[in-house]
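Visitor: The following block contains the structure, expressed as structure tokens.
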Amino acid sequence: MAALFITATLKAQSDTEQAAPKYQKEIDKLIKNDQVSKAFQFIKDFDQETINNQIKLTEIEAPPFKEHKFGKPKLFAQLLNEYGADSVWVDEIGNVIGLKKGTERQKVLAFAGHIDTVFPEGTDVTVKHSGDTLYAPGIADDGRGLTTVLTVLKTLSENKIETANDILFIGNMGEEGLGDLRGMKALFGEDGPKIDAFISIDGTGVNRIVNGGLGSHRYKVTFNGPGGHSWGSFGLANPAHAMGEAISIFVKNADEFTKEGSKTSYNVGRMNGGTSVNSVPFSVWMEVDMRALDPERLNTIDHILQEAIKEGVAQQNEIRRLGDPVTVDVEMIGDRPSGHTAKETPLVQRGIAANTAMGAKAVLGTGSTDANIPISLGIPAITLGGGGVAGGGHSLHEWFLNKEGYKGIQRTLLVVLAEAGMKTK
Ligand SMILES: [Zn+2]
């Protein structure tokens, strides 16, 4: 569940933000720099190539956990090489990483778009054109992010722009759904490269700057029992009844808890199981999603679920009349940490200042994106849009319209140059 077009789970924290004068001055100076204005023009002139890459990448399937199967990372790596990365490699989880060395190499800025989409293997990802609108699953999420990362690299190379710090240009794995940010967990894991700041491009638009990570815990809960004939073995402990009880207790207590305090959500999203209408089931399961802005509240709603499961099972076992008790397996299938990159952080300030310099609004927000991981580790991180407009996220009707899309890439270039320390001549 990525923050498609950086919308779904966003909670706008405020309207247009103003950057501190120090950062506004820094960005205003950059935008007037001769090399930067040539780079801005280059991005405009390169716009059709940017769209061509977006289409080419989108037309290669990359389902969760099968991102490499159809070759999309390979094409991304090839373009990183072509566009001037000093070296390109694939890490142990499959993230594609291109390094552009800085002149001082004291710090590292990581800059990423995610390769995976929510769409299962076999989805038709051919891009259809209707007027100026492009239709295809994944065309914006995250086709727009990937092409933004590539065009920024191309722009630096073509305009011979140098930065003090290293920049890693990344196409990462596992942002969506049960991929559970596994690409980022590896990148920021103990074997990952040293990273001092992180920018993710996810979806479209310009105004939003995601500096908050919406945390979530997800579980697959399987209730098991002896199973049997619904008449002949009536009185057996029934896993479905236990699950129903658990859900009822959970909803009652979770409702009470979530009525007050910062936003916290809970959702039984999927359930399945059973043998036949005339059988006591031997197994049923449900998948539960819980999210919260505040890590503490996420732990509390999680605890409420665990207690409800225990109570539901206990109540069913108490009223069984024969046979073995119901048992339950609780498997965590998603753990996305929450947290915030503080508004005062230079990276966030540079985002706000760049939007202002581009004449766009600067709206801070919270979402569930790749930035969640570095944010939870205290590494400055934000998620931005790659410009243009889009809709129909996570559906087969996803579309993208290149309405001044280049402005999203120009804005992103400004933030990257400010954060990586552009070497001005
Ligand atoms: Zn996404």
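The values are calculated or read from the model by the stated rules, or taken from the named source; none is laboratory data. Keep in mind it's a predicted model, so treat the numbers as computed, not measured. Cβ: placed from backbone, ideal geometry, glycine included. Neighbour counts: every protein chain shown. To get the accessible areas, we keep the full protein, side chains included, count just its heavy atoms, and leave off ligands, DNA and RNA. Shrake-Rupley method; radii C 1.70, N 1.55, O 1.52, S 1.80 Å.
Visitor: Among the residues of the stretch 206-217, are any in contact (Cβ under 8 Å) with a residue 24 or more places away in the chain, touching a strand residue (DSSP E or B) at 6+ places or on another chain (Cβ under 6 Å) and on the phi > 0 side of the Ramachandran plot? Steps first, please.
Guide: Taking the stretch 206-217 and keeping what is in contact (Cβ under 8 Å) with a residue 24 or more places away in the chain, we get 206-217.
Keeping just the survivors that are touching a strand residue (DSSP E or B) at 6+ places or on another chain (Cβ under 6 Å) gives 207-217.
When the remaining residues are screened for being on the phi > 0 side of the Ramachandran plot, the result is none.
So far as the stretch 206-217 goes, no, none of its residues is in contact (Cβ under 8 Å) with a residue 24 or more places away in the chain, touching a strand residue (DSSP E or B) at 6+ places or on another chain (Cβ under 6 Å) and on the phi > 0 side of the Ramachandran plot.
Visitor: Does the stretch 7-16 contain any residue that is more than 16 Å from the ligand (Cβ to nearest atom) and at pLDDT 95 or above? Even if it seems obvious, please write down each step before you answer.
Guide: Restricting attention to the stretch 7-16, the residues satisfying the condition of being more than 16 Å from the ligand (Cβ to nearest atom) are 11-16.
Checking which are at pLDDT 95 or above leaves us with none.
Looking for residues that are more than 16 Å from the ligand (Cβ to nearest atom) and at pLDDT 95 or above, one finds none in the stretch 7-16, hence no.
Visitor: Need pairs with beta-carbon distance below 8 Å; first residue in the same structural domain as residue 125 (by TED's automatic domain parsing) and touching a residue at least 40 places away in the same chain (Cβ under 8 Å) and within the stretch 139-151, second within 8 Å of the ligand (Cβ to nearest atom) and assigned to a helix (DSSP H, G or I); sequence gap 6+ or separate chains.
Guide: Between residues of the stretch 139-151 that are in the same structural domain as residue 125 (by TED's automatic domain parsing) and touching a residue at least 40 places away in the same chain (Cβ under 8 Å) and residues that are within 8 Å of the ligand (Cβ to nearest atom) and assigned to a helix (DSSP H, G or I), the close pairs are 140/4; 141/4.
Visitor: While we're here: Return a yes/no flag: does the stretch 124-135 have any residue that is small (Gly, Ala, Ser) and open to solvent by less than 10 Å² (accessible area, probe 1.4 Å). If you could, list the steps in order and put the result at the bottom.
Guide: Residues of the stretch 124-135 small (Gly, Ala, Ser): 130-131.
Next, only the ones that are open to solvent by less than 10 Å² (accessible area, probe 1.4 Å) stay: none.
Taking every residue of the stretch 124-135 in turn, none turns out to be small (Gly, Ala, Ser) and open to solvent by less than 10 Å² (accessible area, probe 1.4 Å).
Visitor: Within the stretch 126-175, track down each residue that is assigned to a strand (DSSP E or B), more than 15 Å from the ligand (Cβ to nearest atom) and among the hydrophobic types (A, V, I, L, M, F, W, C). Give the derivation first.
Guide: Looking only at the stretch 126-175, we keep the residues that are assigned to a strand (DSSP E or B), and these are 128-130, 133-135, 163, 166-172.
So of that shortlist, the ones also more than 15 Å from the ligand (Cβ to nearest atom) come out as 128-130, 133-135, 163, 166-169.
Result: 134, 167, 168, 169.
Visitor: Look through 407, 403 and report the one residue that is open to solvent by 30 Å² or more (accessible area, probe 1.4 Å) and either in a loop (DSSP other than H, G, I, E, B) or not basic (Lys, Arg) (or both). Can you show your working first?
Guide: Working: 407 fails: either in a loop (DSSP other than H, G, I, E, B) or not basic (Lys, Arg) (or both).
Within the list 407, 403, the selection yields 403.
Visitor: Return the total of residues in the stretch 236-256 being touching a helix residue (DSSP H, G or I) at 6+ places or on another chain (Cβ under 6 Å) and either under 24 Å from residue 334 (Cβ atoms) or charged (D, E, K, R) (or both). If you could, list the steps in order and put the result at the bottom.
Guide: Of the stretch 236-256, the ones touching a helix residue (DSSP H, G or I) at 6+ places or on another chain (Cβ under 6 Å) are 237, 241-242, 245-246, 249-250, 253-254.
Pick out the ones that are also either under 24 Å from residue 334 (Cβ atoms) or charged (D, E, K, R) (or both) and you get 242, 245-246, 249-250, 253-254.
The qualifying residues number 7.
Visitor: Could I ask something else about it? What strands (runs of 3 or more DSSP E), lying completely within the stretch 26-116, carry at least 2 residues that are surrounded by fewer than 17 Cβ atoms within 10 Å (Cβ to Cβ)?
Guide: Numbers: elements: 87-90, 96-100, 108-114.
Result: 87-90.
Visitor: For the stretch 113-125, give me the residue count where each residue is farther than 20 Å from residue 49 by Cβ and within 11 Å of the ligand (Cβ to nearest atom).
Guide: Count: 4.
Visitor: Ok, one more. For the list (1) open to solvent by 40 Å² or more (accessible area, probe 1.4 Å); (2) over 27 Å from the mean Cα position of the chain (by Cα), I need the number of the one condition that residue 294 fails.
Guide: Of the numbered conditions (1) open to solvent by 40 Å² or more (accessible area, probe 1.4 Å); (2) over 27 Å from the mean Cα position of the chain (by Cα), the odd one out for residue 294 is (2).
Visitor: Taking only pairs six or more apart or across chains, which ones have beta-carbon atoms under 6 Å, a first residue in the stretch 360-378 that is within 14 Å of residue 214 (Cα to Cα), and a second residue that is within 16 Å of the ligand (Cβ to nearest atom) and among the polar types (S, T, N, Q)?
Guide: That search, which allows pairs on different chains as well, returns 367/9; 368/9; 369/200; 369/383; 370/200; 371/200; 371/383.
Visitor: Scan the stretch 176-188 for residues that are within 16 Å of the ligand (Cβ to nearest atom) and either closer than 24 Å to residue 355 by Cα or not in a helix (DSSP H, G or I) (or both) and report the count.
Guide: Residues that pass the stated criteria total 3.
Visitor: Where residues in the stretch 155-178 are over 25 Å from residue 51 (Cβ atoms) and surrounded by fewer than 24 Cβ atoms within 10 Å (Cβ to Cβ), which of them is nearest to the chain's Cα centre (by Cα)? If you could, list the steps in order and put the result at the bottom.
Guide: At the first step, the residues of the stretch 155-178 found to be over 25 Å from residue 51 (Cβ atoms) are 162-166, 174, 177-178.
Subsequent filtering for residues that are surrounded by fewer than 24 Cβ atoms within 10 Å (Cβ to Cβ) retains 162-166, 177-178.
On the way: 162: 29, 163: 27, 164: 28, 165: 25, 166: 23, 177: 9, 178: 11 Å.
Ranking the candidates gives 177 first.
Visitor: Next question. Before we move on, is residue 191 open to solvent by 30 Å² or more (accessible area, probe 1.4 Å) and not in a strand (DSSP E or B)? Spell out the reasoning first.
Guide: On the way: open to solvent by 30 Å² or more (accessible area, probe 1.4 Å): yes; not in a strand (DSSP E or B): yes.
The answer is yes for residue 191.
Visitor: Could you grab me the full set of residues in the stretch 198-208 that are away from the ligand (no atom under 16 Å from the Cβ) and surrounded by 24 or more Cβ atoms within 10 Å (Cβ to Cβ)?
Guide: Result: 206, single match.
Visitor: Still on this structure, please answer the following. Under the condition of being small (Gly, Ala, Ser) and open to solvent by less than 10 Å² (accessible area, probe 1.4 Å), which residue from the stretch 350-379 is farthest from residue 408 (Cα to Cα)? Working first, answer last.
Guide: Kept after step one, since they are small (Gly, Ala, Ser), are these residues of the stretch 350-379: 351, 353-354, 357, 359-360, 362, 365, 367-368, 371, 376, 378.
In the following step, the residues that additionally are open to solvent by less than 10 Å² (accessible area, probe 1.4 Å) were identified as 351, 353-354, 362, 365, 367-368, 371.
Numbers: 351: 12, 353: 14, 354: 10, 362: 13, 365: 17, 367: 19, 368: 20, 371: 18 Å.
So the residue we want is 368.
Visitor: Still on this structure, I have one more. Determine whether residue 331 is over 22 Å from residue 263 (Cβ atoms), part of a loop (DSSP other than H, G, I, E, B) and open to solvent by 10 Å² or more (accessible area, probe 1.4 Å). Before you say what the answer is, go through the steps one by one.
Guide: On the way: over 22 Å from residue 263 (Cβ atoms): yes; part of a loop (DSSP other than H, G, I, E, B): no; open to solvent by 10 Å² or more (accessible area, probe 1.4 Å): yes.
It is false that residue 331 is over 22 Å from residue 263 (Cβ atoms), part of a loop (DSSP other than H, G, I, E, B) and open to solvent by 10 Å² or more (accessible area, probe 1.4 Å).
Visitor: Using the structure shown, decide if residue 343 is of a type in the set (Lys, Arg) and in the same structural domain as residue 382 (by TED's automatic domain parsing).
Guide: On the way: of a type in the set (Lys, Arg): yes; in the same structural domain as residue 382 (by TED's automatic domain parsing): yes.
It is true that residue 343 is of a type in the set (Lys, Arg) and in the same structural domain as residue 382 (by TED's automatic domain parsing).
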